[in-house]
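The values are calculated or read from the model by the stated rules, or taken from the named source; none is laboratory data. The structure presented is a predicted model; accordingly, all values stated were derived computationally and were not measured. Heads up, the Cβs are rebuilt from the backbone with ideal geometry, glycines too, and the neighbour counts pull from every protein chain shown. What goes into the accessible areas is simple: the full protein's heavy atoms, side chains included, and nothing from ligands, DNA or RNA. Shrake-Rupley method; radii C 1.70, N 1.55, O 1.52, S 1.80 Å.
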2 protein chains.
Amino acid sequence: MSKRSAPTSDRGFDKDAKARTPQSTFCFRCIGCSSVTPSAAQDFRCSQCGNLLEIAHPAWKSGGLDASSLKSLWRERRSSNAALDLSGVWRFRELLPAPASGKPVVTLREGNTPLYELPLSSRITGVARLYAKHQGMNPTGSFKDTGMTVAATFARQSGCRWVACASTGNTSASMAAYAARGGMRSLVLVPEGKISWSKLSQALDYGALTCQLRTDFDGCLQLLQELVKRAPVYQLNSINPFRLEGQKTLALELLEQLDWQPPDHIIVPGGNLGNSSAIGKALLEMHELGLIPRLPKLSIIQAEGANALVRTLRETRGKRLVTVQAETRATAIRIGNPASWEKAVKVLQATGGACEQVSEIEIAQAKAEIGAEGIGCEPASAVTLAGLKKLLQQGFVKKQESVVLVLTGNLLKDPDFTMEFHRGELFSATERESARLNPYRHPPVVLDATLDAVIQTLEQAEKSEKSDTRSNA
Amino acid sequence: MSKRSAPTSDRGFDKDAKARTPQSTFCFRCIGCSSVTPSAAQDFRCSQCGNLLEIAHPAWKSGGLDASSLKSLWRERRSSNAALDLSGVWRFRELLPAPASGKPVVTLREGNTPLYELPLSSRITGVARLYAKHQGMNPTGSFKDTGMTVAATFARQSGCRWVACASTGNTSASMAAYAARGGMRSLVLVPEGKISWSKLSQALDYGALTCQLRTDFDGCLQLLQELVKRAPVYQLNSINPFRLEGQKTLALELLEQLDWQPPDHIIVPGGNLGNSSAIGKALLEMHELGLIPRLPKLSIIQAEGANALVRTLRETRGKRLVTVQAETRATAIRIGNPASWEKAVKVLQATGGACEQVSEIEIAQAKAEIGAEGIGCEPASAVTLAGLKKLLQQGFVKKQESVVLVLTGNLLKDPDFTMEFHRGELFSATERESARLNPYRHPPVVLDATLDAVIQTLEQAEKSEKSDTRSNA
């Protein structure tokens, strides 16, 4: 164990800056039968009915959380150098489960992600007030970090030595990093050959024991469920309700960035549906606590090839999950049996959001448009812009409304997709033409190192851009 | 041009939050003959002697910059939602060149990077107060963004349509993103086959015209110098002095994180030497303005295969550049003819820092150790930890001193290096053994999706870890 690190946190030389302990208390509540317990079994399922658990905060009922004071407190903390305040998650600790007194928080200074304007996409869609909340700017490059800091903190507090997850890649990268930071070992179950090289490299770099299983994501998840009953490993999959608590802070941070004026719409990619559940939970809690005057509509977009929630809503009205054989190049949402589907259905109903699906070409085009804004995201993130276009066509979103797209992962998570797109290898020529992808394709050119060759290439680019402009005019 | 975006910035719905214009004024000063001019030619070289220019701030001499007021002001801005204040660069705008009145700043909310404790590396090196400033957490994943926001702002202000750079990868990614954000086109010259796939994918995603030239980095740079004299493109290479001004903010932000208590040592990777020059300039300016009571020693570490500065100091005492044929897997510093070598020599002399070189195996080992802290960096960043070990052996750094390592790029910038290392493909078995790399190697295993297979793997990992612990004890 000589190479494992002691738990620590992001701070300066001031060793005496002790993390203040949050004051809230919490319990577990079943999303099915609503039964409440102070603790949960290792599978995080209800002992009565087997459904998923969520974290509830009964203490809030007794008051003491004043909206205006909370807003001031959270803002003040932005100028603090204390470890908990520097985290974009723990800065909002009044709305999170509190670790036991004196127990350390495992943090990599997650959250604090930018909210970008999207002038190009605004022109394309006609939505003037269009923004991207880029969760791919988290420490390991995806939104998973905001949940993992909370779940890893509680895993460590439970005294476990091993943590584990099944993953399409982002969760394993995040878990491995937080496990390393918290002095724990991590076990990663990923589908063989179906996750990006970059995400796999992260798990290895952070010291995870990485098993590539000859199955898909859903197979990995099923095996993990059995494993936690047989071996002493702590489950850090998205059914771990502590993760969703951390992911709530996306919505808190977003609303603070908007000076607490709710946008009309928030649009999020739908994979395992933990993220949409978390954001929805945050919105409902914020509304209940008086932090926001009204609820934004939270909409969920899936890839056509991994459209379990879309079909569940269309075919059973959300009463029974319709699973699918997932297939999409947006690997982060290639999930056919989403664990948090019931939570997501509730969130859609509570906020009045929509659920849509988009094609592979629509995803690639949207990703290139976001890239042309100077903002790099992974393919799964781009379903939000592609979905917005559909929701506009359907009249569900109106051009004068304000819209926030949640980008969940960094461009660098999947460079292969980008390279193949620009080299013209992702789709056939006919598909590219019909989808008008060409203006966004910039294939690299290989040249001799001569001035003439470079100047000629520059002039050609000028010419073709002018002809693009004329044909688009 | 329909697909190009208008200049913009990161902000919320408050469209009226106008960026306040910084008040400082500046000029160009030659680092050779010290002649001063209000403007610079396109090659950013002195018209008198041909040496590099730097930005000077003569207005500071007349006072008006009170150290204590500046510190308060910069800290207050951390709780602001205005675009300029949200940038970790422009927050320190009193020490930066000011754009012309009313001209917009091109920003992606760069800077604001974490300072991490390194408990594992502390145990390995014996340095208790050891920290990493992780510039790989910038928007495009490297320190280049902090300089590019300033240089792109001035490029845009100059009215240019095209910007260009020669690059080993990180500069091109950053330039392409900021060009896109500022509504400009970008031309990237990279050496064919010698930059990472991930970095190339970024340039393409952000819409750059990307030329892979059949030469090395130094050949690309030379061609760019000729190009800017012949074609209307604005040079954004590291000899652009606006970039170094932005990169200064690393030191400002670091010192703020340390409550303005200077560490004893700052250690930085040395490639083109722009970054060390910028950090050194910042330290000297901070000292001059009374922001810090004493200067940290700034040390520069190179790869053995790209050790131009090391040889320059040893063979000519820093009087004449010794160029080398660069070869290292740390691609971000694979540069044999560093443009800013004279600036770097001055900084080493002024701060009393050292210059060292490290081997490929030392780099790989240090990178794995940083990874095991839950912190992902690219190989070039890891030369800092490898270099620290050497400087400790030589007695230049003492264990009781405080040390900050500057990590310049994100793990995701070069996943291939990580994969090859963990799969045992980077070095021969003999080299691995002699370098004791094995405890940090975690090769992925491919398994059938059965519970027994996973449990067996878990048990084996436990056993081998126990035997590692015994053999290390």
Per the 1/(1 + (r/R0)^6) rule, R0 = 45 Å and r from the Cβ atoms of B:S68 and B:S35, FRET efficiency to 0.05 is 0.85
Those GluC sites (Glu not before Pro) from region B:70-124 that are DSSP loop and have at most 13 other Cβ neighbours within 10 Å turn out to be none
With every protein chain kept in place and a 1.4 Å probe, the residues B:R129, A:R314, B:R185 fall, from largest accessible area down, as A:R314, B:R129, B:R185
For the table A:K144/B:K367; A:K71/A:K346; A:K103/A:K194; A:K389/B:K413; B:K248/B:K398; A:K194/B:K413, the rows whose alpha-carbon distance is greater than 29 Å are A:K103/A:K194; A:K389/B:K413
Trypsin sites (Lys or Arg not before Pro) in region A:316-356 lying in a DSSP loop, each with at most 15 other Cβ atoms within 10 Å of its Cβ, come to A:R317, A:K319, A:R320
Residues of region A:183-215 that bury at least 50 Å² of accessible area, probe 1.4 Å, when all protein chains are present rather than the chain alone, are A:W197, A:S201, A:L204, A:D205, A:Y206, A:L209, A:Q212, A:R214
Quick calc, region A:99-225, dipole around Cα centre from Cβ unit charges on Lys, Arg (+) and Asp, Glu (-), nearest 20 debye, gives 240
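Show B:D416, A:D85, A:D452 ordered by accessible area, largest first, where the area counts protein heavy atoms only and the probe is 1.4 Å.
So the residues, ranked largest to smallest area, are A:D452, B:D416, A:D85.
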With the label set 7 Å along Cα→Cβ, A:E288 is separated from its counterparts in the other copies, in nm and shortest first, by 5.8
Per residue, the convex hull enclosing the Cα atoms of region A:66-170 spans a volume in Å³ of 149
Expressed in Å to one decimal, the Kirkwood Rh of region A:307-355 from all distinct alpha-carbon pairs is 11.1
Rounded to the nearest 10 Å², the accessible area of A:S276 using a 1.4 Å probe with every protein chain kept is 0
For region B:242-300 the translational diffusion coefficient, Stokes-Einstein from a Kirkwood Rh over Cα pairs at 25 °C and viscosity 0.890 mPa s, in µm²/s, is roughly 216
At q = 0.20, 0.22, 0.23 1/Å the base-10 log of I(q)/I(0) from the Debye formula over the alpha-carbon atoms of region A:150-277 is -1.13, -1.29, -1.37
Heavy-atom accessible area per residue of region A:163-236, all protein chains kept, 1.4 Å probe, expressed in Å², is 21
Taking chain A and counting helices only, DSSP H stretches of n ≥ 4 at -39,500 (n - 2.57) each over all residues, the nearest-500 ellipticity at 222 nm comes to -11500 deg cm²/dmol
Rounded to the nearest whole number, the Stokes-Einstein translational diffusion coefficient of region A:198-344 at 37 °C and 0.692 mPa s (Kirkwood radius, C-alpha pairs) in µm²/s is 193
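Classify region A:122-221 from the C-alpha gyration tensor, please: rounded if a/c falls under 1.5, else prolate or oblate depending on whether a/b exceeds b/c. Display every interim value, and only then the final one.
Working: a/c = 2.57, a/b = 1.54, b/c = 1.67.
Verdict is oblate for region A:122-221.
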Taking Cα atoms only, helix B:144-157 is inclined relative to the longest principal axis of chain B by an angle, in degrees rounded to 10, of 20
Taking the label point 7 Å from Cα along the Cα-Cβ vector, the copy-to-copy distances for B:S35, listed from shortest in nm with one decimal, are 8.7
The helix A:67-76 Cα axis meets the longest alpha-carbon principal axis of chain A at an angle in degrees, between 0 and 90 and rounded to 10, of 70
Here the averaged projected area of region A:297-383, based on the convex hull of its alpha-carbon atoms and given in nm², is 5.6
Excluding ligands, DNA and RNA, the carbon-plus-sulfur percentage of the accessible area of region A:20-109 with a 1.4 Å probe reads 50
Within region A:393-428, DSSP-loop trypsin sites (Lys or Arg not before Pro) with at most 14 other C-beta atoms within 10 Å are A:K398, A:K399, A:R423
One would report the Cα pair-distance distribution of region B:63-114, bin width 10 Å, in %, as 23, 53, 24, 1
For B:S464, inter-copy label-point distances (7 Å, Cα→Cβ), nm, shortest first, read 4.8
Expected response for nearest chain A Cβ to the A-B rotation axis, distance in whole Å, is A:L412, 2
Ignoring ligands, DNA and RNA, the residues of region B:438-454 whose accessible area with a 1.4 Å probe is reduced by 40 Å² or more relative to the chain alone are B:H442, B:P444, B:V445, B:V446, B:L447, B:A449, B:L451, B:V454
Per principal axis, largest first, the Cα atoms of region A:283-441 extend in Å by 49, 34, 29
For region B:117-179, the Debye formula with one identical point scatterer on each Cα and no solvent gives log10 I(q)/I(0) at q = 0.16, 0.19 Å⁻¹ as -0.61, -0.71
Note: A vs B interface, total accessible area buried (1.4 Å probe; ligands, DNA, RNA excluded), nearest 100 Å², is 10600
Cα-Cα pairs in chain B separated by more than 45 Å, as a whole percent of all pairs, come to 11
Among region A:395-418, those whose backbone N falls under 19 Å of a label point 7 Å along Cα→Cβ from A:R314 are A:395-397
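Under the definition of Cα pairs under 8 Å and six or more residues apart, what whole-number percent is the relative contact order of chain A?
Relative contact order for chain A comes out at 15 percent.
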Here D for the protein assembly as shown, in µm²/s, from Stokes-Einstein with a Kirkwood Rh over Cα pairs at 25 °C and 0.890 mPa s, works out to 88
P(r) of region B:183-250 over all Cα-Cα pairs, 5 Å bins starting at 0, rounded to whole percent, reads 3, 14, 22, 24, 23, 12, 2, 0
Under a 1.4 Å probe, counting only protein heavy atoms, A:V445 has an accessible area in Å², nearest 10, of 50
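Over the alpha-carbon set of region B:363-425, divide Rg by the Kirkwood Rh and report the Rg/Rh ratio to two decimals.
So for region B:363-425, dividing Rg by the Kirkwood Rh gives 1.02.
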Answer in debye to the nearest 20: the dipole magnitude of the protein assembly as shown about its Cα centre, from +1 Lys/Arg and -1 Asp/Glu charges placed on Cβ, is 1440
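Given a 1.4 angstrom probe, what's the average accessible area per residue across region A:303-436, in square angstrom?
On the way: 4720 Å² over 134 residues.
Spelled out: the 1.4 Å probe surface of region A:303-436, per residue, equals 35 Å².
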